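The values are calculated or read from the model by the stated rules, or taken from the named source; none is laboratory data. These numbers come from a predicted model, not from an experiment. Positions of Cβ are generated from backbone atoms using ideal geometry, with glycine treated the same way; all protein chains shown enter the neighbour counts. Just so you know, the surface numbers come from the protein's heavy atoms only, side chains and all, with ligands and any DNA or RNA stripped out. Shrake-Rupley method; radii C 1.70, N 1.55, O 1.52, S 1.80 Å.
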Amino acid sequence: MSRVIVVTSGKGGVGKTTSSAAIATGLALKGHKTVVVDFDIGLRNLDLIMGCERRVVFDFVNLINGESNLSQTLIKDKRVEGLYILPASQTRDKDALTKEGVGKIIDQLKAEFDYIICDSPAGIEMGALMALYYADEAIVTTNPEVSSVRDSDRILGILQSKSLRAEKGLEPVKEHLLITRYNPQRVNEGEMLGVEDINDILALKLLGVIPESESVLKASNLGQPVILDTNSDAGKAYSDAIDRLLGNEVELRFLNVEKKGLLKRIFGT
């Protein structure tokens, strides 16, 4: 049975698209046929992070309007078997998305894919509401700062009141918490909220903690999901998050300041 998962947040710039790309890639690497859908109509960044921007011919709005079919619009990832991208339109506005149109496409995708990852734009405007409306699960993404956590709390209220599941009185959207750009040194110095602080505010099951890492920016610039960088802490943390999403018990890493060994203290490497 297909699972529709929205990656969402209240605040922009917290790493939703980076996380959507990593999560979709990680699920495909585990053998699950997965599509990641860009709901950020008018901006469109997912194709850049997935490294397929030059292969976009048709987009989500073309598909909704019947100007293309699913096989024409989906882009097959060249690196990972079973991974597909549905790009957003750069030239339309967010009102091009309707519940009926999005629902029709979600139904088509459910017939073909194990996982449908919806990359939501920031905030609570139309694109974000459409991204979460049909969700079975939500990955609420936040940075360890007060404004980001507060805005994530607003999104939880919308998930609980404006999703299709809420409207029909079905089992609620299953919610997960993903903390990105976490720096334990700055937490210790009081510059960031700690994991326990964030949990106290949002009270969600913790899916993962992604450490602040230059490898994220490097991967984005290269057009590849950071989870493919298996030597980076961020890549390892996303891989752990995938295991938890699939129901496995995996211990959290990267929560504490790394203790430097003698050579590191002497040479600083």
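Any residue in segment 23-51 that's buried (at least 20 other Cβ atoms within 10 Å of the Cβ): show its pairings with residues that are of a type in the set (V, I, T) and in a loop (DSSP other than H, G, I, E, B) at Cβ separation under 6 Å, as long as the two are six or more apart or on different chains.
These pairs meet every condition: T25/V80; A28/V80; D47/V56.
In the list N199, N221, which residue meets the criterion of being open to solvent by 20 Å² or more (accessible area, probe 1.4 Å), assigned to a helix (DSSP H, G or I) and touching a strand residue (DSSP E or B) at 6+ places or on another chain (Cβ under 8 Å)?
The match here is N199.
Which number in (1) modelled with pLDDT of 95 or more; (2) more than 20 Å from A22 (Cα to Cα) marks the one condition that R154 misses?
Of everything listed in (1) modelled with pLDDT of 95 or more; (2) more than 20 Å from A22 (Cα to Cα), R154 misses just condition (1).
State which residue is surrounded by the fewest Cβ atoms within 10 Å (Cβ to Cβ) when the search covers only segment 202-218 and only residues that are touching a residue at least 12 places away in the same chain (Cβ under 8 Å) and among the hydrophobic types (A, V, I, L, M, F, W, C).
That would be L206.
Pull out all pairs, ordered by first then second residue, where Cβ-Cβ is under 8 Å, the residues are six or more apart or on different chains, the first lies in segment 118-146 and is free of Cβ contacts under 8 Å to residues at least 40 places away in the same chain, and the second is open to solvent by less than 10 Å² (accessible area, probe 1.4 Å) and of a type in the set (V, I, T).
Every condition considered, the pairs that remain are Y133/V102.
So, of the residues in segment 134-161 that are in contact with a strand residue (DSSP E or B) (Cβ under 6 Å, 6 or more places away or on another chain) and part of a loop (DSSP other than H, G, I, E, B), which turns out to be most open to solvent (accessible area, probe 1.4 Å)?
So, considering only residues that are in contact with a strand residue (DSSP E or B) (Cβ under 6 Å, 6 or more places away or on another chain) and part of a loop (DSSP other than H, G, I, E, B), the one most open to solvent (accessible area, probe 1.4 Å) is Y134.
Which residues, taken from segment 117-133, are part of a helix (DSSP H, G or I) and among the aliphatic types (A, V, I, L, M)?
M126, A128, L129, M130, A131, L132
Provide a single number: the residues in segment 224-252 that are outside any helix (DSSP H, G or I) and without any contact (Cβ under 8 Å) to a residue 24 or more places away in the chain.
The qualifying residues number 9.
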